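Notes follow once the structure below has been shown.
What follows is calculated from the coordinates using simple rules that are stated; it is not laboratory data. Here the structure is a predicted model, which means the values were calculated and not measured. Positions of Cβ are backbone-derived with ideal geometry, glycine not excepted, and every protein chain shown enters the neighbour counts.
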Amino acid sequence: MSTIARRSGSTLLVSLLAALFLSLLAGPAHAASYRYWGYYTWTDGTWAFATKGPDQTAPADGAAEGWRFAITAESGSPRVPRADGDFQAICATTDPAAGKKRVAVVLDGGLSDDAPAGATPPKPRGACAVVNTTASGAEVLAAVATARIEKGLVCSIDSYPAQGCGEPVDTVPPTTADAQVALALPKATPTADTKAASNDKKDDGGPPWLPIAIGAVLIGALGGAANRMARKSRSGARS
């Protein structure tokens, strides 16, 4: 073998070993994943990831907004709330108010696999916000839940999670779609009319027993006095 051939073979071997070493140092390449509350809007019968922050939006009366806590890959599909943004169902027990708008809100704390260590996700619920007509998405959220906000990010809703804010995680999110869930819906709130009707029912609940009892006592007392006077009259007549 010539000197040139031996040198070429040595150079190729060194190049291959260097490439292998660098690939081992680099490790497997994969996109980063993050755990956070995602903000969504209900559009044309489906959830869409909001392109603006909640402080930069102004949902209309009758709109539906969603929040979902989940682990999501940086380049993966958004993990949307697991219940529909059904305004009619969520706001059915909330009456309209003059000068206000109603916005349905879906709050989905996600799966136990999405939860930080030792934490339990809250049950998904629906809430109906009654806010000023110019209220932003952030004000809508504040009307139905307590949010912890750091550096403009919604880090927790109703104290979940207790710590952290959109930190990267090693967990890879599932690739299959999440199963739908049922929302805990708000109960009816008594209005001034329903309270008045309830008071009327209490007033008409039966006979006025106290006045009747007092009247009976007075009649009995008057009757006794009349009998005593009659006996005195008869005694005087005999004497």
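Numbers below:
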quantity: Local electrostatic count, Ala73, Cβ distance below 13 Å [Lys/Arg +1, Asp/Glu -1]; calculated: -1
quantity: Normalised alpha carbon radius of gyration of the stretch 47-129 [divisor 2.2 N^0.38 Å]; calculated: 1.22
quantity: Per residue Cα convex hull volume in Å³ - calculated over the stretch 143-189; calculated: 130 Å³
quantity: Extension reserve of the Ala60-Thr94 stretch, reckoned as 0.36 nm per residue once the Cα distance is removed; calculated: 10.6 nm
quantity: Tail beyond 18 Å, pair distance distribution of the stretch 60-202 (Cα, percent); calculated: 62 percent
quantity: Charge dipole magnitude, Cβ of K and R +1, D and E -1 - the stretch 73-136, Cα centre, debye nearest 20; calculated: 280 debye
quantity: Linear extension gain, Ala73 paired with Lys151, 0.36 nm per residue minus alpha-carbon span; calculated: 25.9 nm
quantity: The stretch 72-174, relative contact order [Cα under 8 Å, separation at least 6], %; calculated: 21 percent
quantity: Net lengthening on full extension, Asp44/Ala162 (0.36 nm per residue, minus Cα-Cα); calculated: 39.1 nm
